[in-house]
Amino acid sequence: MRPGRLIRVAQRLAELLGNGSALAGGLAVAAWGEIRATRDVDFVSLRSLSEVEEALKNAGLDTVTRHGDPYSDDLPWVLKGELEGVPFQVFAPRGGRLFSVVSVSPTGGGGETIPVVGLEDLLRLKLEAGGPKDLWDTARLLRRHPDQVPSTMACASSLGVETELRRWLERE
């Protein structure tokens, strides 16, 4: 998928979602300096599910919502849709935890900025997701930002993924 299209979709979603939402996932990893292929756009949002659904519905977007298991450490909800042929998802952070946001002006983005999850919070989101791609992203970001290693390893330990993260760090 062409990066310009992903950036356009990310900018449009940022506009629709408003304050309290920020880019996460592969594009956020790229914003923090570690480029990797991605085919979708992910946002994390502190807005309520009904606010997000309404904002996207008012923009003419169809979405599907998955509610998390309230008795586990699952995400409270994940909303999926498509914009300009690009799949996207918006999700609530576990526990409604706040996250830091930085504004990034992407190359080829026409000068507009996109809110992106702060690095420490992005690393935590990746560790919480805990999938192979997420841990790979985390390891690559830690190589680029070694000052984050101590706090990220402590977080990985508290989430029970320290051993897997160490394996990813040793691979490259």
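The values are calculated or read from the model by the stated rules, or taken from the named source; none is laboratory data. None of these values were measured; they are calculated from a predicted model. Quick reminder, even Gly has a Cβ in these numbers, built from the backbone with ideal geometry, and neighbours come from all protein chains shown.
Structural remarks
- Where G96 falls short, out of the listed (1) in contact with a helix residue (DSSP H, G or I) (Cβ under 8 Å, 6 or more places away or on another chain); (2) more than 19 Å from W32 (Cα to Cα); (3) touching a residue at least 12 places away in the same chain (Cβ under 8 Å): (1)
- The single residue among P93, P106 that is in the same structural domain as F43 (by TED's automatic domain parsing), more than 26 Å from P76 (Cα to Cα) and either buried (at least 18 other Cβ atoms within 10 Å of the Cβ) or under 11 Å from the mean Cα position of the chain (by Cα) (or both) turns out to be P106.
- Filter pass, R140 being basic (K, R), surrounded by 14 or more Cβ atoms within 10 Å (Cβ to Cβ) and part of a helix (DSSP H, G or I): yes
- Residue in the range 48-71 that is within 20 Å of L123 (Cβ to Cβ) and not hydrophobic (A, V, I, L, M, F, W, C) present: no
- Any hit, the range 155-167, residues being crowded, with 18+ Cβ neighbours inside 10 Å and under 17 Å from L23 (Cβ atoms): no
- Residue identified as outside the structural domain of A24 (by TED's automatic domain parsing), over 24 Å from R47 (Cα atoms), modelled with pLDDT of 90 or more and not aromatic (F, W, Y) among A139, A129: A139
- For A59, the conditions (1) touching a strand residue (DSSP E or B) at 6+ places or on another chain (Cβ under 8 Å); (2) in contact (Cβ under 8 Å) with a residue 24 or more places away in the chain all hold with the exception of (1).
- The one condition in (1) closer than 20 Å to G131 by Cβ; (2) outside any loop (DSSP other than H, G, I, E, B) that L16 fails to fulfil: (1)
- The range 19-42, residues that are assigned to a helix (DSSP H, G or I) and either small (G, A, S) or surrounded by fewer than 21 Cβ atoms within 10 Å (Cβ to Cβ) (or both): G25, G26, A28, A30, A31
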